[in-house]
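The values are calculated or read from the model by the stated rules, or taken from the named source; none is laboratory data. Source: prediction; values computed, not measured. Because the Cβ atoms are built from the backbone with ideal geometry, glycine has one as well, and the counts that use them run over all protein chains shown. Side chains included, ligands, DNA and RNA excluded: accessible areas come from the protein's heavy atoms. Shrake-Rupley method; radii C 1.70, N 1.55, O 1.52, S 1.80 Å.
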Amino acid sequence: MHQEELFKQLVSHCKEYGFIYPSSEIYDGLGGIYDYGPMGAELKNNIREYWWKAMVQLHENIVGLDSAIFMHPKVWKASGHVDAFNDPLIDNKDSKKRYRADQLIENEIDRLEAKIEKEVEKARKRFDNFDEALFRSTNPRVLEWAKRIEDISRRLANALKTNDMTALKTLIDELEIADPESGSRNWTEVRQFNLMFSTQLSNIAGEEGKLYLRPETAQGIFVNFLNVLKTSRQKVPFGIAQVGKAFRNEIVARQFIFRMREFEQMEMQFFVRPGTEMEWYKYWKERRMAWHRAVIPEAKLRYKDHDNLAHYANAAVDIQFEFPFGFKELEGIHSRTDFDLGNHQALSGRKLQYFDPDLNEHYVPYVVETSVGLDRMFLAILSTGFAEETVPDAQGEDSTRVVLRIPPALAPIKCAVLPLVRNKEELVAKAREIFDRLKFHFMCQYDEKDAIGRRYRRQDAVGTPYCITIDFQTLKDDTVTIRERDSMLQERIPVSRVVDIVRQKTAMIQLLEQL
Ligand code: ATP
């Protein structure tokens, strides 16, 4: 299936099966904001738990935190967000549509890259023994486009680095970039737009009382560095992890839950001795990739080094996932030096230092950060697992199925309990009895409506790894059939073994032991 088509189907599937709804839908929704339905809430909880256990439970030297969304306004001054958390904005005067200037230019780069790939594919079909490297390095058209890409990328990076909005506008004009929707080239100037949402405290008027909704969870960790250090008996190197909401007034919120205005981050700041940060950066880069690989096929993941380092970082890499709309950032791993603690120390006047007993000296620790979006991870898991397939030996309506092949430990429902028919009292009673026992161990769903085949399909569509069917033989010998989602194979097992089998196959430990 074409990726674009697949993505559309996935979005409607999410709504139909209670994973994700547009926010305030009865009022026609709110751009870039989404609600998680019953299945979505479970899946999100499970991904969150997988992250938390992998980071906090498996590492003796990482502790958790749950800091507030609102923080003192000076936090955002020290972190640089008040002055520099901006995106370049441009309006089209005819269509009245608003865009990010850098993204319009990046689209142009993508267009040129696509042209190169098309040319390579054409040549591959034309020549036997095709030498791709030779073709790329000698074909005049490919070389010309590659040079343009290099030139545009360099100018874009420079303009962003120096905050030169005029240079961005010049690039847009020179490249004759048109509004993707209307085709108009009637643009305004480019201007900076701060992405933080703000609100006002009730008891303090003016700037002093201006509060921001946090645009990242990391700052809650930095300002609690001393508290945690004093109360957790940790020694450098150690980490603080937290999961929570973050808010960004994204100029263009697109691609479903990939870019939202309210989203959730899972962040960990690891405090290290200055000079050792590169070792730890390398360590976390590998550890975090292992975490992703346990739930996503390797071919869909890759590292992408940052071409332009943020002013506070001395190394940065993204873990990208191949979303249906291409490889994009899923997680960022950044070596942030002492930028944050140093700035908070300067602005607050409090010493944010660690006494290192081995060196017999105080220092401001350096920080290696891992930051992954929970919603992006959700989308990555769903788009990896979502499949429409034909069912061998089935006919009519049953000949195809939509199945979510997601890791059993992340599945919203671990086990469905299904009486073969609903009009036999003994079957229903037995199924209810089994359900009432299983529900203490994991998320189960009882379902007696419709033919058994349709009930299996319903469970496939939400990724339930096991279905237990109670039939007439159950009443005779206390056995049930257990059906596995991916293979659709059924086996007869004693009722007494159901808990152990399902628990063992769907437990979080299945993932954690791979790390
Ligand atoms: P992007 O370049 O895609 O805007 P970023 O580099 O600004 O992302 P970070 O500030 O490094 O992102 O945030 C860490 C993680 O938080 C990202 O890797 C991503 O998974 C998630 N994230 C950031 N912005 C959003 C958003 N608007 N919606 C959903 N998730 C987001």
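Glu207: open to solvent by 70 Å² or more (accessible area, probe 1.4 Å), closer than 30 Å to Leu168 by Cβ and of a type in the set (Asp, Glu), yes or no?
Details: open to solvent by 70 Å² or more (accessible area, probe 1.4 Å): yes; closer than 30 Å to Leu168 by Cβ: yes; of a type in the set (Asp, Glu): yes.
Yes.
For residues in the range 248-273 being open to solvent by less than 30 Å² (accessible area, probe 1.4 Å) and within 22 Å of Phe339 (Cβ to Cβ), which is nearest to the ligand (Cβ to nearest atom)?
Among those residues, the one meeting the criterion is Gln265.
Looking only at residues in the range 214-232 that are away from the ligand (no atom under 14 Å from the Cβ) and hydroxyl-bearing (Ser, Thr, Tyr), which one is nearest to Val56 (Cα to Cα)?
Filtering the range 214-232 for residues that are away from the ligand (no atom under 14 Å from the Cβ) and hydroxyl-bearing (Ser, Thr, Tyr), the one nearest to Val56 (Cα to Cα) comes out as Ser232.
Being assigned to a helix (DSSP H, G or I) and among the aromatic types (Phe, Trp, Tyr) is the filter here; which residues of the range 13-54 pass it? Outline the logic, then answer.
Step one: of the range 13-54, the residues assigned to a helix (DSSP H, G or I) are 13-16, 25-27, 38-54.
Tyr27, Tyr50, Trp51, Trp52, listed by residue number.
If a residue counts only when it is among the aliphatic types (A, V, I, L, M), within 16 Å of the ligand (Cβ to nearest atom) and assigned by TED's automatic domain parsing to the domain that holds Arg288, which strands (runs of 3 or more DSSP E) contained entirely in the range 345-418 have at least 1 such residues? Break it down stepwise before answering.
Numbers: elements: 354-356, 361-363, 366-373, 386-390, 400-404.
Per the criteria, 366-373.
What number of residues within the range 286-309 are open to solvent by 80 Å² or more (accessible area, probe 1.4 Å) and either outside the structural domain of Ile381 (by TED's automatic domain parsing) or part of a strand (DSSP E or B) (or both)?
3
Can you tell me which residue within the range 311-328, out of those that are under 26 Å from Val223 (Cβ atoms), open to solvent by 40 Å² or more (accessible area, probe 1.4 Å) and within 15 Å of the ligand (Cβ to nearest atom), is modelled with the highest pLDDT?
Only one residue fits best here, namely Tyr312.
Identify, please: which residue in the range 238-247 is touching a Phe, Trp or Tyr at 6+ places or on another chain (Cβ under 8 Å) and within 12 Å of the ligand (Cβ to nearest atom) and is, among those, most open to solvent (accessible area, probe 1.4 Å)?
Initial filter on the range 238-247 (touching a Phe, Trp or Tyr at 6+ places or on another chain (Cβ under 8 Å)): 238-241, 243, 245-247.
Keeping just the survivors that are within 12 Å of the ligand (Cβ to nearest atom) gives 243, 245-247.
Values: Val243: 23, Lys245: 68, Ala246: 0, Phe247: 24 Å².
Restricting to residues being touching a Phe, Trp or Tyr at 6+ places or on another chain (Cβ under 8 Å) and within 12 Å of the ligand (Cβ to nearest atom), the top hit is Lys245.
I'm trying to understand the selection: among the residues of the range 329-344, which are within 12 Å of the ligand (Cβ to nearest atom) and out of contact with any helix residue (DSSP H, G or I) (no Cβ under 9 Å at 6 or more places or on another chain)? I'd like the intermediate steps shown before the answer.
Start the filter on the range 329-344 by keeping residues that are within 12 Å of the ligand (Cβ to nearest atom), which leaves 329-334, 336.
The one that is within 12 Å of the ligand (Cβ to nearest atom) and out of contact with any helix residue (DSSP H, G or I) (no Cβ under 9 Å at 6 or more places or on another chain): Gly332.
Out of curiosity, is Ala429 surrounded by 14 or more Cβ atoms within 10 Å (Cβ to Cβ) and not assigned by TED's automatic domain parsing to the domain that holds Lys44? Even if it seems obvious, please write down each step before you answer.
Numbers: surrounded by 14 or more Cβ atoms within 10 Å (Cβ to Cβ): no; not assigned by TED's automatic domain parsing to the domain that holds Lys44: yes.
Spelling it out, it is not the case that Ala429 is surrounded by 14 or more Cβ atoms within 10 Å (Cβ to Cβ) and not assigned by TED's automatic domain parsing to the domain that holds Lys44.
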